């Protein structure tokens, strides 16, 4: 079984191809050891003045965990379609094996090691609908304290209240303390499609580390276009 090498680098290299992926650098702890894995690479490229994600999954094996090494400069609109496709291949190919999960990689400045964030089971909803509209007529969410988080390029909204990246963690943690444990709290995540992968994983790791048995994260993530009605 392969075991992931624990390193701390702002970039990773793909074998003999010498292609570089600048992975996110974050001050959040994550998973730091995993066995039986394959690597997926999404490289930053510019073609015809458009930023695109060049995917390499030549060495992936369906019967292993998949680690997604994604360049931090890529916008969500460039990577989400590829991630959706890869999720489907990993879960539903002829040789897929139950229990093999999907992970994002990043450099953890606290432990100074390569770390992972599991995102297995996440569904990316890209039809432009935001979470507050999605749950309006959905009885499944009535028994939760629902908190809607909206992430733009320069700010975040917590139930409609604006904050910036530097204050987001403390303000969300303070709000979560106000809710009683009579009902579970559910966090609903909405990401601007122009947000960079670095910023996406910044917010995503914070939210993951604040969650527990009473604070849940909706498995649906809403990717929206601010210029579309």
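The values are calculated or read from the model by the stated rules, or taken from the named source; none is laboratory data. As the structure is a computational prediction, the values presented were derived from the model and not from experiment. With ideal geometry, Cβ positions are generated from the backbone for all residues, glycine too; neighbour counts draw on all protein chains shown.
Just name the residue that is farthest from residue 188 (Cα to Cα) out of those in the stretch 141-153 that are under 18 Å from the mean Cα position of the chain (by Cα) and outside any strand (DSSP E or B). Residue satisfying both the conditions and the ranking: 153. Select from the stretch 34-59 the residues that are touching a residue at least 12 places away in the same chain (Cβ under 8 Å) and not in a strand (DSSP E or B) and write down the one among them that is farthest from residue 119 (Cα to Cα). Checking each candidate, the answer is 59. Restricting to the stretch 77-107, count the residues that are under 15 Å from residue 204 (Cβ atoms) and either assigned to a helix (DSSP H, G or I) or in contact with a helix residue (DSSP H, G or I) (Cβ under 9 Å, 6 or more places away or on another chain) (or both). So the count comes out to 6. Inside the stretch 121-140, residues that are more than 18 Å from the chain's Cα centre (by Cα), under 28 Å from residue 89 (Cβ atoms) and in a helix (DSSP H, G or I) make up a count of 1.
The residues of the stretch 60-76 that are outside any loop (DSSP other than H, G, I, E, B) and more than 13 Å from the chain's Cα centre (by Cα), listed by number, are 65, 66. Just to be sure before I move on: is residue 6 at pLDDT 95 or above and either surrounded by fewer than 13 Cβ atoms within 10 Å (Cβ to Cβ) or not assigned by TED's automatic domain parsing to the domain that holds residue 168 (or both) in the structure I sent? Answer is no for this residue. Among the residues of the stretch 168-194, those identified as surrounded by 13 or more Cβ atoms within 10 Å (Cβ to Cβ) and either out of contact with any helix residue (DSSP H, G or I) (no Cβ under 9 Å at 6 or more places or on another chain) or not assigned by TED's automatic domain parsing to the domain that holds residue 215 (or both) are 171, 175, 179, 183, 184.
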